[in-house]
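Can you keep this structure in mind? I'll have questions shortly.
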Amino acid sequence: MIQIQDLHKRFGRVRVLNGTTCHVEPGQSVALWGPNGAGKTTLLRCVLGLIDFQGHIHIDGLDVRRHGKLVRRRVGYVPQEMTFYDDYRIIEVVRLIARLRGATRLDVASCLPGVGLEQHRRKRVRELSGGMKQRLALGLALLNDPPVLALDEPTSNLDSGARSELLSRLIKLKSEGKTILFISHRPEEVIGLADRVLTLERGRVVADQSAELFASPQVPDVSGQTPAKQTALSTASGGVGLDHVAKHRSVTDPPEKSPVFYAPEVNP
């Protein structure tokens, strides 16, 4: 479903992606794991066709650069934190994005019930909790029923209850056949949702393993920590020491808030 070959990306003098090659099979859920600055968000944005790159990316057999509009119709995107118009009612947001994406009335009618927000359709965005906003973002991503979902740490700003609820919805979507490529810094989410885990460091895939292997005990090094535990600890401390571009976070990691929508008709 997703083929990435020899992907390179620079921001000024900083090389963020350095020959990244990987793939995601149809119906698979694949996690991108690694320290801050490893290139995870940049890789996701390349897949979405939001930034230029060197290399090759194909989604469902279509070249991202040559067929950007068609590709974006096949991908639903959920950012870490989506910015909405605070004074809009939920149903108004859905109708706006539906018009931009060419969604049908049936898509609009099923959007809010599908993420458990139908009873809140008249609420204004400013009245929503963080968890409800992320459910709305997921509902908007599912307009047009795209076969692929791309998720950039969608639970990072949620409390434990909202995280659990969103993760359950994603697991259900996976069981229904969605292909999912997501970023997470939470090992329990990776283990619960992913079939495979791609570990990135310095813009390269340094490990491609099953979620079971990722979760299994490994031989500790001289510090007494397993590789997975080291990565988790480094992530929690900002990735210091694991990636030489971490200090360039403002360059390599674009702003975490994303615009109100990801509309395939824009910038074809």
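Just need a number here: residues in region 74-89 that are touching a residue at least 40 places away in the same chain (Cβ under 8 Å) and in contact with a strand residue (DSSP E or B) (Cβ under 8 Å, 6 or more places away or on another chain).
Going through region 74-89 one residue at a time, the tally reaches 11.
Quick check on this structure: which one of Ile57, Ile90 is under 30 Å from Glu188 (Cα atoms) and either surrounded by 17 or more Cβ atoms within 10 Å (Cβ to Cβ) or at pLDDT 90 or above (or both)? Quick ask: steps written out before the conclusion?
On the way: Ile90 fails: under 30 Å from Glu188 (Cα atoms).
Result of the check over Ile57, Ile90: Ile57.
Failed condition for Arg135, given (1) surrounded by fewer than 19 Cβ atoms within 10 Å (Cβ to Cβ); (2) without any contact (Cβ under 8 Å) to a residue 40 or more places away in the chain; (3) closer than 21 Å to Ala31 by Cα, with all others met?
Tallying (1) surrounded by fewer than 19 Cβ atoms within 10 Å (Cβ to Cβ); (2) without any contact (Cβ under 8 Å) to a residue 40 or more places away in the chain; (3) closer than 21 Å to Ala31 by Cα, Arg135 fails exactly one: (1).
Right, next: I'm trying to understand the selection: among the residues of region 151-199, which are within 20 Å of Val75 (Cα to Cα), free of Cβ contacts under 8 Å to residues at least 12 places away in the same chain and among the acidic types (Asp, Glu)?
Selection gives Glu176 alone.
Please specify each residue of region 68-102 satisfying the condition of being among the hydrophobic types (A, V, I, L, M, F, W, C) and within 22 Å of the chain's Cα centre (by Cα).
Here is the first cut: in region 68-102, the residues among the hydrophobic types (A, V, I, L, M, F, W, C) are 70-71, 75, 78, 82, 84, 90-91, 93-94, 96-98, 100.
Residues satisfying the conditions are Leu70, Val71, Val75, Val78, Met82, Phe84, Val93, Val94, Ile97, Ala98, Leu100.
Another question, then. Are any residues in region 200-215 more than 21 Å from Gln5 (Cα to Cα) and either modelled with pLDDT of 95 or more or buried (at least 16 other Cβ atoms within 10 Å of the Cβ) (or both), and if so, which ones? Break it down into steps so the answer makes sense when it comes.
Filtering region 200-215 down to residues more than 21 Å from Gln5 (Cα to Cα) leaves 211-215.
Result: Ala211, Phe214, Ala215.
I'd like to check something: does region 20-42 contain any residue that is among the polar types (S, T, N, Q), surrounded by fewer than 21 Cβ atoms within 10 Å (Cβ to Cβ) and either free of Cβ contacts under 8 Å to residues at least 12 places away in the same chain or more than 26 Å from Asn157 (Cα to Cα) (or both)?
The answer is yes; a qualifying residue exists.
Okay, next question. Every residue in region 164-181 that is assigned to a helix (DSSP H, G or I) and among the polar types (S, T, N, Q), please.
Ser164, Ser168, Ser175
A further question on this structure: When residues of region 104-131 are filtered for being surrounded by fewer than 19 Cβ atoms within 10 Å (Cβ to Cβ) and aliphatic (A, V, I, L, M), how many remain?
4
Could you tell me whether Ser175 is modelled with pLDDT of 90 or more, surrounded by fewer than 12 Cβ atoms within 10 Å (Cβ to Cβ), closer than 19 Å to Ala141 by Cα and not hydrophobic (A, V, I, L, M, F, W, C)?
Criteria met by Ser175.
When residues of region 71-87 are filtered for being surrounded by fewer than 22 Cβ atoms within 10 Å (Cβ to Cβ), at pLDDT 90 or above and within 17 Å of Thr179 (Cα to Cα), how many remain?
Selection size over region 71-87: 1.
Working only within region 181-199, note down all residues that are of a type in the set (Gly, Ala, Ser) and surrounded by fewer than 22 Cβ atoms within 10 Å (Cβ to Cβ).
Filtering region 181-199 for residues of a type in the set (Gly, Ala, Ser) gives 184, 192, 194.
If the condition is that a residue be of a type in the set (Gly, Ala, Ser) and surrounded by fewer than 22 Cβ atoms within 10 Å (Cβ to Cβ), then Gly192 is the only one that fits.
The values are calculated or read from the model by the stated rules, or taken from the named source; none is laboratory data. Keep in mind that this is a model prediction, so the values were computed, not measured. Positions of Cβ are backbone-derived with ideal geometry, glycine not excepted, and every protein chain shown enters the neighbour counts.
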